[in-house]
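Engineer: I have a structure I would like to understand better, so I am pasting it below and will then ask my questions one at a time.
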Amino acid sequence: MLITCRYVLRLRATWFAPAMLFWLAMVTVCPGHDGPDAIVSWVFAESFVDNHTIRAQQGPDLAMHGSPKLELVGESSILRLDGRDDFLQSNVSWKETMVSLPKQSLTIACWVSVDQTQPNGGIVSALQDNGGEETGWVLGYNESTFTFGLSSQGANDGDGVMTYLGGSTPIEAGKWYHLVATYDGEGMQLWVDGKLDGESKVQRGAVLYPAEARLALGAYLDDNEQFLHHGRIGSVTIYDVAAKQKWIEHDFEHQAAWAAMAPKKDASLDFKFLVKPYLQFGTHDSMRVLCELSKAGQVTVEFGETSGFGQSRQAATEDGHLHAALLDGLTAETGYYYQVVIKELDSIQEFRSELLSFQTASPPNRPFSFTVIADTQGNPEVNGKLATMAWALRPNFLVLPGDLVDDGTQKNQWIHEFFDSMNPLISRVPLFPVLGNHERNADHYYRYMDLPPPEYYYSFRYGNAVFFMLDSNKKLGPDSEQYIWLEAQLEAIRAEESSGKSDIVWKFACFHHPIYSSDENDYGDLWKGKSSWGDLRLRPLTALFDRYGVDVVWNGHIHSYERTWPLRDGEASSPAGTTYMVTGGGGGGLEQAGPIRPWFQNNVRRGHHFVFVAINGRVLELKSFDLEGRLFDTTTIQKQ
């Protein structure tokens with residue numbers, strides 16, 4: 001079979017008119033070999049880029065996200081992606097995209113270089129991998145080798161279990177590789193630089209596609225995960241038949257000089273902290289220290305009651321990048337200094353974080369304080385300023401009622417927006433968060449947070465207070481898992497109180513969506529009609545809060561500030577009752593209270609802010625500060 005030699009045209013940044021391109025494609029042929037005809041093909045020459053769209057030679061056009069850049073390699077044009085914001089996806093619906101995708105057999109061929117490996121790297125993908133649903137396919141890589149994942153209708157009766165075929169060729173940063181993934185309905189193969197690198201016979205039958213997905217380039221992309229490629233892509237072509245060995249070898253040989261090029265590494269990826277050290281789940285005798293590295297390495301935390309340290313702990317890691325160390329055997333209410341030491345694998349050179357400090361939790365008979373900041377999403381300038389001002393008041397810990405980032409599937413938002421901006425605070429005090437709707441229940445949240453299982457709900461004690469941290473994205477009605485757990489926790493504390501053995505004076509709850517809110521349009525348009533005055537799904541929780549004497553509930557979601565009177569049995573019953581607070585001013589786009597004042601409202605304010613809470617025995621002082629550090633609300637609760 002003779003096929004046109006598309007690769008010169010596909011990779012070269014030419015300025016030929018379309019007619020000339022067509023003529024060259026017709027007259028330029030490669031030597032005879034067995035091979036398929038493309039059903040999807042993209043080129044990265046400037047002549048194919050139009051208004052942030054890459055026009056396809058075959059198949060759907062690609063919409064750019066972020067700022068992918070065109071670069072020249074010799075005379076050929078390639079695409080560089082930064083691993084933070086850059087990726088591309090089909091600009092038509094999934095139904096229209098499916099028309100172009102292979103059904104029975106497939107071949108994916110590309111030239112790629114990887115600047116930074118990761119557990120779920122994606123070059124090109126069309127998949128969903130959510131819990132029990134593993135459908136579609138992805139050509140990508142892990143921390144060390146290239147991978148090819150695929151799900152079929154014939155394997156295990158089409159139960160949607162994907163096979164991830166791993167290669168054996170180690171990935172060298174910045175080096176060009178020619179990849180080919182094939183599936184013929186009976187087996188998968190992965191080829192690297194013209195040589196078979198791995199194969200599997202587990203999958204069989206037609207490709208099992210998800211009901212809804214996105215065809216993505218430069219990303220492992222599904223509903224709740226987004227792992228972006230950091231490196232270069234020279235070409236991607238998809239076929240609806242499985243290529244044979246002869247064609248694969250020829251396709252590599254046609255451009256083998258690329259594989260022989262010296263690696264071109266991204267200098268920004270020198271060994272360093274990708275996420276600087278931060279603290280989680282501090283107790284009276286322990287503290288968790290976490291960090292993430294740009295490359296796989298080893299992490300040791302040195303610590304002690306002086307800067308001379310005297311103790312150290314080796315951090316645990318699953319992927320060599322994200323590390324967590326448990327510092328235990330500590331003394332309550334004691335200041336400690338710590339420094340994180342990192343060392344790249346197979347290297348003797350080490351690097352150190354700045355000298356940092358933390359304090360273990362206070363015993364029940366001692367005063368303590370904490371700060372509350374919610375909805376830090378997408379505004380590192382604002383939440384960074386709030387974090388710095390909050391740290392100036394020296395709280396013992398931070399409570400964050402959800403929406404840490406704007407889109408939890410985007411790793412760059414966690415790294416470059418949340419952790420970078422919040423570091424002045426969370427490197428010195430532990431972070432106790434809950435999930436918001438913007439986290440999208442993404443794996444990044446569970447990866448970065450080191451909390452008691454199942455992590456989306458948990459409790460902790462600090463001083464003479466207990467905190468119940470819930471996920472209001474999930475069910476919270478009387479028959480739900482979280483409600484039953486919360487009721488049991490509260491009942492256990494009541495039993496402690498009845499026996500006279502309880503140190504708990506204050507009970508707090510934290511979840512994202514507010515039970516009470518006067519927001520102008522989230523719970524009904526108050527400029528035109530009526531409101532439900534908050535999330536009615538969660539209103540049944542008030543029965544528990546009333547019965548067991550929960551003192552304060554902290555929420556976010558609404559990007560403003562609101563504090564209720566103490567409420568009990570659906571009435572304002574000062575001084576006894578539960579105070580409900582919306583503290584969603586951490587950085588999200590500001591929202592406005594409606595024109596009608598509800599009966600439960602004590603104070604409301606539009607503006608970015610944080611809350612500072614100080615407790616001494618049976619006295620709680622609450623102070624709220626705006627973005628300029630001005631006190632705009634304060635109240636004192638005297639426990640009866």
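The values are calculated or read from the model by the stated rules, or taken from the named source; none is laboratory data. All of these numbers come straight from a predicted model, not from anything done at the bench. As a convention, Cβ positions derive from the backbone with ideal geometry for all residues, glycine included, and neighbour counts pool all protein chains shown. Note: areas computed on protein heavy atoms with side chains; ligands, DNA, RNA excluded. Shrake-Rupley method; radii C 1.70, N 1.55, O 1.52, S 1.80 Å.
Engineer: For the chain, what size does the Cα cloud have along each of its three principal axes, sorted from largest down, in whole Å?
Structural biologist: 90, 64, 48
Engineer: Given a Förster distance of 35 angstrom, what is the FRET efficiency for LEU536 paired with LYS343, based on the Cβ-Cβ distance and rounded to 0.05? List each step's numbers first, then the result.
Structural biologist: Numbers: r = 54 Å, r/R0 = 1.53.
Once the sixth-power term is evaluated, E becomes 0.05.
Engineer: By how many nm would the segment from ALA332 to ARG461 grow when fully extended, if each residue of separation counts as 0.36 nm and the alpha-carbon distance is taken off?
Structural biologist: Details: separation 129, 0.36 × 129 = 46.44 nm, distance 1.29 nm.
That works out to 45.1 nm of additional length.
Engineer: If you don't mind, another one. State the extension gain, in nm to one decimal, for the chain segment bounded by ASP420 and GLU621, taking 0.36 nm per residue of separation less the distance between their alpha-carbons.
Structural biologist: This chain segment gains 69.4 nm when fully extended.
Engineer: Using a 7 Å offset from the Cα along the Cα-to-Cβ direction at both ASP285 and SER200, what is the distance between the two label points in nm, to one decimal?
Structural biologist: Here the modelled spin labels are 4.5 nm apart.
Engineer: Continuing with this model, one more query. Amide H of LEU165: which non-local residues (sequence gap of 5 or more, or other chain) have their own amide H closer than 5 Å, using H built in the peptide plane?
Structural biologist: Excluding prolines and chain starts, which carry no amide H, the hits are PHE148, GLY149, LEU150.
Engineer: Please give, to one decimal in nm, the separation of the simple spin-label points placed at ALA392 and GLU46, each 7 Å out from Cα toward the Cβ.
Structural biologist: 4.9
Engineer: A further question on this structure: Return one whole number: the accessible area per residue of the chain in Å², for a 1.4 Å probe.
Structural biologist: 39
Engineer: Can you show me the helix-derived [θ] at 222 nm for the chain, built from DSSP H runs with n ≥ 4 at -39,500 (n - 2.57) apiece and divided by the number of residues, rounded to the nearest 500. If you can, show how the numbers build up before the last one.
Structural biologist: Numbers: 9 runs with 82 residues, N = 640.
Only helices count here, giving -3500 deg cm²/dmol.
Engineer: Enumerate the calculated ³J(HN,Hα) couplings along segment 333-343 in order (Karplus 6.51 cos²θ - 1.76 cosθ + 1.60, θ = phi - 60°), each rounded to whole Hz, writing x wherever the residue is Gly or Pro.
Structural biologist: Calculated HN-Hα couplings, in order: 6, 10, x, 10, 10, 8, 8, 9, 10, 10, 9 Hz.
Engineer: Grab the other residues whose beta carbon is less than 10 angstrom from that of ASP266, score K and R as +1, D and E as -1, and report the net.
Structural biologist: Details: positive: ARG80, ARG232, LYS264, LYS265; negative: ASP82, ASP115, ASP270.
Net local charge, ASP266 excluded: +1.
Engineer: Checking the a/c ratio against 1.5 first, then a/b against b/c, what shape does the Cα gyration tensor give for segment 534-640? Walk me through the numbers before you get to the answer.
Structural biologist: Working: a/c = 1.90, a/b = 1.22, b/c = 1.56.
Cα axes put segment 534-640 in the oblate bin.
Engineer: Label ALA492 and TRP94 with points 7 Å out from Cα along Cα→Cβ: what is the distance between them in nm?
Structural biologist: Here the modelled spin labels are 4.0 nm apart.
Engineer: Using amide H atoms built in the peptide plane, which far-off residues or other-chain residues are under 5 Å from THR579 H to H?
Structural biologist: The answer is VAL552, VAL553, LEU567.
Engineer: Hey, can you grab everything whose amide H is under 5 Å from the amide H of ILE39? Only 5+ residues off in sequence or another chain; H modelled, so Pro and N-termini drop out.
Structural biologist: ILE238, TYR239, ASP240
Engineer: Computed over the Cα atoms of segment 528-578, what is the convex hull's projected area averaged over all directions, in nm²?
Structural biologist: Values: hull surface 17.3 nm².
Averaged projected area of segment 528-578's Cα convex hull equals 4.3 nm².
Engineer: What is the distance in Å between the Cα centroid of segment 456-502 and that of segment 294-338?
Structural biologist: Computed from Cα coordinates, the inter-centre distance equals 30 Å.
Engineer: I want the local charge near GLY167. Using Cβ-Cβ distances under 15 Å, sum +1 for each Lys or Arg and -1 for each Asp or Glu among the other residues.
Structural biologist: Numbers: positive: LYS175, LYS195; negative: GLU143, GLU172, ASP193, ASP197, GLU199.
So the surrounding residues net to -3.
Engineer: Can you tell me the FRET efficiency between THR306 and SER480 if r is taken as the Cβ-Cβ distance and R0 is 60 Å, rounded to the nearest 0.05? Show your work: numbers first, answer last.
Structural biologist: Values: r = 48 Å, r/R0 = 0.80.
After rounding, the FRET efficiency stands at 0.80.
Engineer: Give me the percent of DSSP beta bridges within the chain that run antiparallel, rounded to the nearest 5.
Structural biologist: Numbers: 146 of 166 bridges.
For the chain, the DSSP antiparallel bridge percentage is about 90.
Engineer: Given the C-alpha centroids of segment 570-640 and segment 126-186, what is the distance between them in whole angstrom?
Structural biologist: Taking the Cα centre of segment 126-186 as reference, the centre of segment 570-640 is 50 Å away.
Engineer: On to the next question. Hey, got the Cα dimensions of segment 344-434 along the principal axes, in Å, largest first?
Structural biologist: Per principal axis, max minus min of the Cα coordinates gives 49, 34, 21 Å.
Engineer: Tell me, what HN-Hα J-couplings in whole Hz come from the Karplus equation 6.51 cos²θ - 1.76 cosθ + 1.60 at θ = phi - 60° for each residue of segment 616-629, using x for Gly and Pro?
Structural biologist: So the J values, rounded to whole Hz, are 9, x, 9, 10, 10, 10, 10, 10, 10, 10, 8, 5, 9, x.
Engineer: Under 13 Å from the Cβ of ALA543, count the other residues' Cβ atoms, weight Lys and Arg +1, Asp and Glu -1, and hand me the total. All intermediate terms of the calculation are to be shown ahead of the outcome.
Structural biologist: Numbers: positive: ARG539, ARG547, ARG568; negative: GLU487, ASP546, ASP569.
Combined, the nearby Lys, Arg, Asp and Glu give 0.
Engineer: Given a 1.4 angstrom probe, I'd like the percentage of the accessible area of segment 111-206 that is carbon and sulfur, rounded to a whole number. Can you show the working numbers first?
Structural biologist: Numbers: 1350 of 3070 Å².
The nonpolar share, carbon plus sulfur, comes to 44 percent.
Engineer: Still on this structure: Any idea what the relative contact order of the chain is, in percent, if you count C-alpha pairs under 8 Å spaced at least 6 apart? Could you put the intermediate results ahead of the total?
Structural biologist: Values: 1697 pairs, mean separation 60.9, N = 640.
The normalised contact order for the chain reaches 10 percent.
Engineer: Considering only Cα-Cα distances, which of the following residue pairs are longer than 31 Å: LYS474/LYS507; LYS95/LYS530; LYS474/LYS501; LYS276/LYS623?
Structural biologist: Numbers: LYS474/LYS507 22 Å; LYS95/LYS530 39 Å; LYS474/LYS501 34 Å; LYS276/LYS623 29 Å.
The answer is LYS95/LYS530; LYS474/LYS501.
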